[in-house]
1. Quick check: anything in segment 72-79 under 23 Å from Lys142 (Cα atoms) and within 39 Å of the chain's Cα centre (by Cα)?
2. Looking only at strands (runs of 3 or more DSSP E) that lie completely in segment 51-153, which have at least 3 residues being in contact (Cβ under 8 Å) with a residue 40 or more places away in the chain and open to solvent by 40 Å² or more (accessible area, probe 1.4 Å)?
3. Looking at segment 340-365, which of its residues are under 18 Å from Phe235 (Cα atoms) and surrounded by 18 or more Cβ atoms within 10 Å (Cβ to Cβ)?
4. Which pairs do you get when a residue that is part of a strand (DSSP E or B), found in segment 18-30, comes within reach of a residue that is modelled with pLDDT under 75 and of a type in the set (Phe, Trp, Tyr), reach meaning Cβ atoms under 8 angstrom, with the pair 6+ apart or on two chains?
5. Hey, does segment 389-397 have a residue that's charged (D, E, K, R) and under 15 Å from Val178 (Cα atoms)?
6. Any chance segment 92-101 includes a residue that's in contact with a strand residue (DSSP E or B) (Cβ under 9 Å, 6 or more places away or on another chain), within 16 Å of Lys145 (Cα to Cα) and not aliphatic (A, V, I, L, M)?
7. Give me the residue from segment 295-336 that is small (Gly, Ala, Ser) and open to solvent by 20 Å² or more (accessible area, probe 1.4 Å) and, out of that set, farthest from Ile176 (Cα to Cα).
8. Only one of Ile327, Ile252 is in contact (Cβ under 8 Å) with a residue 60 or more places away in the chain, within 30 Å of Phe367 (Cβ to Cβ) and among the aliphatic types (A, V, I, L, M); which?
Amino acid sequence: FYFPFVVGVDENKTKPSFCRNQFQSVLVRNWVDGVEREYIEGLSGEFGSVLPIEEKKARRLPAVLSNPLNGCTLTSSKLSNSIALSARGDCEFMEKAQVSQSGDAAGLLVINDEEDIFEMMCSENAVNIMIPVVMIAASGGKQIKESIASKGKVELLLYAPISPIVDVSVVFLWMIAVGCVILASIWSEYIACERHGDPYQDSSIAGSAKDDSEKDVLDISVMGAVCFIIVASTFLVVLFFFMSSWFVWLLIIFFCIGGTQGMTACAIALISRVSRNCRNHTVKLPLFGDATVLSIVVFPLCLAFAIFWVVHRHASYSWFFQDFLGICLMINVLQLARLPNIKVAAVLLSCAFVYDIFWVFISPLLFHESVMVAVARGKNSGGESIPMVLRLPKLIDPWGGYNMVGFGDVIFPGLLISFAFRYDRANNKGFKDGYFLWLTIGYGFGLFLTYVGLYLMNGHGQPALLYLVPCTLGTFVVLGKVRGELRMLWDYEENASLSRPPGGA
């Protein structure tokens, strides 16, 4: 957890030895009448005793409100062997701590008047404070005060656990990301059955189906790839400067629209594979024209799924619904947008490679902080988070939270891997002499390197495409060069290849 420095320190002034220049991220567990409530995050002061790292070494103590609440004068409350709570203001933090210490309090929680937490520094007239002093946000203090006001027995436990840099849940997140890329690549072939239909199917019907499927496919061009990265960069900067709760709500709406459309398309494809006659039943709707009965039934259910996620998006189980919508959305995107050859892939992925590195590592030189990290954390978003990520709850981190992978880290390499699968199928290549298997392995290895980099960089955000692009595009180019197929892959024409008979020139 990172708390920004908001209080200046004169480094030339010598401080007493008990002002330790060290701050701890504190986890405040709380119970009301023996029932545990949601934990509260805090930050210890530059003064006061050091809190234990392990929970078993911390003490569970009753909470008492200072009287007066500002904690600046001798309190009339019985603080002995209790954790005192005082409001911010009217005197220095060290004075509050000194008053609580003189009342035999075992600790002090300072309630901020805003929803942020900043560092409590040693004052000029510093004294030795022997009790832990922690600041919590206004919402956390309000929660505790209301519990005390309702005559409940409130108990607190303060400790400063160290968050593991890499959590076990990254293994499952890795499996989801790799599985999503594989599923999206083989979807049209084995699920939707668009490319190779039933050999006994009437040729006119097969031709019509093929035309319908190709009608909805967008082949990305070199210019389109460059323009997309420029638009993405512009949008990222807009998010950085104008991020707010209403802006995130706009993204949530777009996500729900895309997720509902993707889920509908996936559901229809799966149902149609089981019962091919489902698509033949159509009705005419006002304003919408002809629509299949299947889509009329499936769409409202998918929309209800998305609405359920929006309503419960802050619940502990909401990640499952968000991931399901996101996977369906990405599968749909990878069916609609395709790379025609390696030339376009090289331009798109190279631009994405530079984009990721610039906005994570170089942007702090221009904007004083990493634009990508600030947007990902939902800066100024009013507690809302951007939904365009796959996320899994951390399993062993005492702070909780989520491990996340952005949609772009799946879609960009997924476009290339999907192209590799189509190329292998069109040219009758097997797994060993093809490209799909090796690019999938490269993607998995690149994602693994991302987490290794996260560990080596002590948890600092890593641009995943820094590792994924060399491990996918680089693998494709090297294999193509070794096999003598790079020139053909560079200007490959997929439609022309598909029109050739198998094994023909």
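1. Going through segment 72-79, the residues under 23 Å from Lys142 (Cα atoms) turn out to be 72-79.
When the remaining residues are screened for being within 39 Å of the chain's Cα centre (by Cα), the result is none.
Scanning segment 72-79, I find no residue that is under 23 Å from Lys142 (Cα atoms) and within 39 Å of the chain's Cα centre (by Cα), so the answer is no.
2. Numbers: elements: 60-65, 83-87, 107-111, 133-136.
Per the criteria, 60-65.
3. Selection gives Leu348, Cys351, Ala352, Phe353, Tyr355, Asp356, Trp359, Val360, Ser363.
4. From segment 18-30, the pairs are Ser25/Phe1; Ser25/Phe3.
5. Initially, segment 389-397 is screened for residues charged (D, E, K, R), giving 391, 394, 397.
Adding the requirement that they be under 15 Å from Val178 (Cα atoms) leaves 391.
Yes; the residues of segment 389-397 include at least one that is charged (D, E, K, R) and under 15 Å from Val178 (Cα atoms).
6. No, the conditions are met nowhere in segment 92-101.
7. First, pick out the residues of segment 295-336 that are small (Gly, Ala, Ser): 295, 304, 306, 315-316, 318, 326.
Right, trim to open to solvent by 20 Å² or more (accessible area, probe 1.4 Å) and you get 295, 304, 315-316.
On the way: Ser295: 27, Ala304: 24, Ala315: 21, Ser316: 19 Å.
Residue satisfying both the conditions and the ranking: Ser295.
8. Numbers: Ile327 fails: within 30 Å of Phe367 (Cβ to Cβ).
Result: Ile252 is the single residue among Ile327, Ile252 that is in contact (Cβ under 8 Å) with a residue 60 or more places away in the chain, within 30 Å of Phe367 (Cβ to Cβ) and among the aliphatic types (A, V, I, L, M).
The values are calculated or read from the model by the stated rules, or taken from the named source; none is laboratory data. Note that this is a predicted model, so its numbers are computed, not measured. All Cβ positions, even for glycine, are placed from backbone atoms using ideal geometry, and neighbour counts span all protein chains on display. Each accessible area value is taken on the protein alone, full model and side chains, heavy atoms only, with ligands, DNA and RNA left out. Shrake-Rupley method; radii C 1.70, N 1.55, O 1.52, S 1.80 Å.
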